[in-house]
Amino acid sequence: MKPIKRTTLDLDACYEIQIHYKRKIYDISKKISKSESAAEIFRGFIDTDRLDYKEFFIILLLTHANQVIAISEVSIGCTHGTIVNIKEIVQQALLTNTSGVIVCHNHPSGELTKSASDETVTKRIKGALGLLDIKLLDHIILTTESYTSFADEGWL
């Protein structure tokens, strides 16, 4: 009996391909217990040379015990703002089975005061996550020199 010689790739046998790339970014045992530790993680993730140049919006996804699952860049804007896709935040929270989320954005101006749009987007994110029993734990405004925490200021 002669072996069958195939000249084309038989793709009928290939139904699904998945690629997984997992890189440990932070020690999973590290627990976020205060805004300062979250701000340090965000500061380590954002290119600090660009903090005063563009606005970034980043999320930290946490377990029920406030341990880091993942950190993700949601958007990059310009010097005076960025567009936040709340659906993307919810999607990432669901895909990682997150219990809590901390959001962060920087103010290239160096101003630590929250804006009206900061308040609006925070309320919208909190509402969307709340429908899915996911807590918005904090919203951090980051500058090169310091940070402000919505939770610490009682704004959340």
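Sort Leu136, Leu156 by Cβ crowding within 10 Å, fewest neighbours at the top.
On the way: Leu136 23, Leu156 15.
Ordered by Cβ neighbours within 10 Å, fewest first: Leu156, Leu136.
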*Roughly how many debye, to the nearest 20, is the charge dipole of the stretch 30-153 about its Cα centre, given +1 on each Lys and Arg Cβ, -1 on each Asp and Glu Cβ, and no other charges?*
440
_Note, ³J(HN,Hα) from phi for the stretch 103-117, Karplus 6.51, -1.76, 1.60, rounded to Hz, x at Gly and Pro_ = 9, 8, 9, 9, 10, x, 5, x, 7, 8, 6, 6, 9, 4, 5
*For the charge dipole of the stretch 30-153, defined by +1 on Lys and Arg C-beta atoms and -1 on Asp and Glu C-beta atoms about the Cα centroid, which residue among Leu112, Leu62, Thr48 has the Cα displaced farthest towards the positive pole?*
Leu62
*5 angstrom amide H check on Ile69, placed H, neighbours 5+ away*: Leu61, Leu62, Thr63
*asked:* I'd like to compare 83-91, 54-62, 112-120: which one has the highest average count of other Cβ atoms within 10 Å, and what's the full order after that?
replied: 54-62, 83-91, 112-120
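Throughout, read-outs are computed from the coordinates displayed, never taken from laboratory work. Worth saying up front: this structure is predicted, and the values here are computed from it rather than measured. When we count neighbours, we look across all protein chains shown, and the Cβ atoms used for this are built from the backbone with ideal geometry, even at glycine.
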